[in-house]
Amino acid sequence: MKKGLVLEGGAMRGLWTAGVTDVMMEHDVWPDGLIGVSAGAAFGCNYKSRQSGRAIRYNMRFAKDARYSGMKSLLTSGDYFNAQFGYHVVPYKYDLFDTATFEQNTMEFVVVCTDVETGEAVYHTMSHVDYDELEWLRASASMPLASKVVEVGGRKLLDGGVSDSIPLAYFESIGYDRNVVILTQPLGYEKEHNRLMPLMRVGLRKWPNMIKAMNERHIMYNKQLEYVIQAELEGRCLVIRPDEKIPIGHISHDAQQMHKVYELGRQVGERYINKIKEYYAN
């Protein structure tokens, strides 16, 4: 049996997920592998490095810091979340990422990105930490229009959520048969067609396959939700989802709002922790 953890994205909703996963770490729950999409990858890397509390800590610290994120960064660099500062300065200078623990931990860590040339998902296993590996992490969380295309590993990449938002099926296909899936939308949620598609068509005009993937994302996402629900009914996964819509947008500069969302995740994590332990143990 291989125990997996599947983390959906959701931009700043990922802080809710971080609340759940921090509780899991504090209760010594260690899956064999983790697959993260977008914020699920950017914050989920702290699971492999065993750094409970790190995601909420640096997000609150730099919530209003123009070096970290904001319109100035978008206009000057093309990235709303500053690429160099967020991924290559903060982890080494301001809130140290435990590279040694990450690399020594045998837990498999997979990030999902979208290849803009094909519009298809790319799955990258991150076992060590260097500049290029952190670029894979950044690519997974690089939202179209709010980010430049990330070039790494011979590919041009953006947000993994465009092509595989909830990668349960992929994780099952590589041998993970006991999966906990953490979603960032409540039960009954259905994704609608992206209202920003006219802007997407302009911003992504060089990559028609990416435009197609964006245009059909809501169809893919809703099918994946159906797949997760069926797997849950069959006992193939344990699903943790918020009770109601998480009270934060894709972007936030409000540290207290971030903390509230994180605490809501912790509350759900505490409520589910025994179920998680039992599910992995059975």
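Tell me, what % of the accessible area of the range 207-282 is carbon and sulfur with a 1.4 angstrom probe?
Working: 2180 of 4260 Å².
So the carbon and sulfur contribution to the accessible surface is 51 percent.
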(message) If you count only protein heavy atoms with a 1.4 Å probe, what accessible area per residue comes out for the chain, rounded to a whole Å²?
(response) 44 Å²
(message) What distance in nm separates the two pseudo spin-label positions at residue 101 and residue 145, each 7 Å out from Cα along the beta-carbon direction?
(response) 3.8 nm
(request) Hand me the trypsin sites (Lys or Arg not before Pro) from the range 156-199 located in a DSSP loop with no more than 12 other Cβ atoms within 10 Å, in residue order please. (result) 195
(request) State the antiparallel share, in %, of DSSP beta bridges confined to the chain, rounding to the nearest 5. (result) 40 percent
(message) Which order do the peptides 227-234, 169-176 come out in when sorted by mean C-beta neighbours inside 10 angstrom, highest first?
(response) 169-176, 227-234
(message) If each DSSP helix of 4+ residues adds -39,500 (n - 2.57) and the sum is divided by the residues in the chain, what number results at 222 nm, nearest 500 deg cm²/dmol?
(response) -12500 deg cm²/dmol
(request) Mind jotting down the distance between the C-alpha centroids of the range 106-170 and the range 1-64, whole Å? (result) 16 Å
(request) With a/c under 1.5 counting as rounded, go ahead and sort the range 82-196 into rounded, prolate or oblate using the C-alpha gyration tensor (a ≥ b ≥ c being the square roots of the eigenvalues; past the cut-off, prolate if a/b is larger than b/c, else oblate). (result) oblate
(request) Within 10 Å, count the other beta carbons around each residue, average over each peptide in 112-118, 263-269, and list them highest first. (result) 112-118, 263-269
(message) Which of the three applies to the range 1-69, rounded, prolate or oblate, going by the alpha-carbon gyration tensor with a ≥ b ≥ c and a/c under 1.5 meaning rounded?
(response) prolate
(request) Quick one: pull the percent of accessible area on the range 38-136 belonging to carbon and sulfur, 1.4 Å probe, ligands and nucleic acids left out. (result) 52 percent
(request) Decide, for the range 1-123, between rounded, prolate and oblate: order the square roots of the alpha carbon gyration tensor eigenvalues as a ≥ b ≥ c, take rounded if a/c falls under 1.5, and otherwise choose prolate if a/b is larger than b/c, else oblate. (result) oblate
(request) Work out how much length residue 177 to residue 233 would gain on full extension: take 0.36 nm times their residue separation and subtract the Cα-Cα distance, in nm to one decimal. (result) 18.7 nm
(request) Would you mind checking which residues have amide H under 5 Å from residue 156's amide H? H placed 1.01 Å from N; only 5 or more apart, or other chain. (result) 116, 117
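The values are calculated or read from the model by the stated rules, or taken from the named source; none is laboratory data. On a predicted model such as this, the values are computed, not experimentally measured, just so you know. With ideal geometry, Cβ positions are generated from the backbone for all residues, glycine too; neighbour counts draw on all protein chains shown. Ligands, DNA and RNA are stripped out before the accessible areas are found, and what is left, the full protein with its side chains, is counted by its heavy atoms. Shrake-Rupley method; radii C 1.70, N 1.55, O 1.52, S 1.80 Å.
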